[in-house]
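Here's a structure for you.
The values are calculated or read from the model by the stated rules, or taken from the named source; none is laboratory data. On a predicted model such as this, the values are computed, not experimentally measured, just so you know. Note that each Cβ is placed from the backbone with ideal geometry, even for glycine, and that neighbours are counted across all protein chains shown.
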Amino acid sequence: MAPALHVIAGPGPGQLATMAHPADEPWSPQELTALARAGVQVLVSAREPGPDTAGIEVVPFPLAPEQRQEANQVVALAIRLAREVRAGRFVVTQAAADNGRSTLLATMTLALLGIRPGEALRRTAEPGAPIAPDWLHDFVATNG
C-alpha cells in the first residue's frame, strides 16, 4: 500500500510533500517502491531505510543532542530542500505523525522559496498536526 502524501502547492518547478510514517517501523521495500512510482526523488526521513531505496535519495532528518544545534541543522536542510525543489525534484519530508517536524521543515522550505511564512504554514498544515511555533518564529526572525 502506498504511503499517503500531502502534496503542497508551491512555486515549482519541483514538488514538495509531507507524510507521516511511524518512527519505530522500518521502511518496507513496497513503501519505497510506491514512493518512487509516485515520482519521489528525495525523502527526508527520521528512519534509516534498508539497502534498497528504490532509487530515492534518502536524507536523514537532523537529530542533534542540543536543540539549537538541531535547529541550525534543520535550517541548513531546508535551504538544501529549497534548492532541490528549484531544480525540479520531488521532495518529501517524513517524520512521526505526532511531532510536527515534517510540517515545520516543509514550511521553512516554502518560506525559502519565497512564500510568506503564514501562507507557507497554511499550505503545509494538515488538520490536527502540531507545529513547533518557537522554531518557526526563530526561523522567520533570522531568515525572513
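Being surrounded by fewer than 16 Cβ atoms within 10 Å (Cβ to Cβ), touching a Pro at 6+ places or on another chain (Cβ under 8 Å) and farther than 15 Å from residue 94 by Cα, is that true of even one residue in segment 39-52?
In the first step, residues of segment 39-52 are kept if they are surrounded by fewer than 16 Cβ atoms within 10 Å (Cβ to Cβ); the result is 39, 48, 50-52.
Subsequent filtering for residues that are touching a Pro at 6+ places or on another chain (Cβ under 8 Å) retains 48, 50, 52.
When the remaining residues are screened for being farther than 15 Å from residue 94 by Cα, the result is 50, 52.
Scanning segment 39-52, I find at least one residue that is surrounded by fewer than 16 Cβ atoms within 10 Å (Cβ to Cβ), touching a Pro at 6+ places or on another chain (Cβ under 8 Å) and farther than 15 Å from residue 94 by Cα, so the answer is yes.
Exactly one condition in (1) touching an Asp or Glu at 6+ places or on another chain (Cβ under 8 Å); (2) in contact (Cβ under 8 Å) with a residue 12 or more places away in the chain is false for residue 38; which is it?
That leaves (1) as the condition not met.
I'd like to know if segment 73-92 contains one or more residues that are surrounded by fewer than 13 Cβ atoms within 10 Å (Cβ to Cβ) and at pLDDT below 90.
no
Looking at (1) assigned to a helix (DSSP H, G or I); (2) touching a Leu at 6+ places or on another chain (Cβ under 9 Å); (3) hydroxyl-bearing (Ser, Thr, Tyr), find the lone condition where residue 33 falls short.
For residue 33, the exception is condition (2).
Do we have any residue at all in segment 40-49 that's farther than 24 Å from residue 121 by Cβ, of a type outside the set (Asp, Glu) and modelled with pLDDT under 90? So that I can check it myself, show each step before the final result.
Step one: filter segment 40-49 for residues farther than 24 Å from residue 121 by Cβ, giving 41, 47-49.
Applying the additional criterion that residues be of a type outside the set (Asp, Glu) yields 41, 47, 49.
Now narrow it down to the ones that are modelled with pLDDT under 90: 47, 49.
Within segment 40-49, one or more residues are farther than 24 Å from residue 121 by Cβ, of a type outside the set (Asp, Glu) and modelled with pLDDT under 90.
Does residue 26 count as farther than 22 Å from residue 82 by Cα and touching a Phe, Trp or Tyr at 6+ places or on another chain (Cβ under 9 Å)?
It is false that residue 26 is farther than 22 Å from residue 82 by Cα and touching a Phe, Trp or Tyr at 6+ places or on another chain (Cβ under 9 Å).
Just one of the numbered conditions (1) in contact with a helix residue (DSSP H, G or I) (Cβ under 7 Å, 6 or more places away or on another chain); (2) touching a residue at least 60 places away in the same chain (Cβ under 8 Å); (3) not hydrophobic (A, V, I, L, M, F, W, C) is not true of residue 12; which one?
Exception for residue 12: condition (1).
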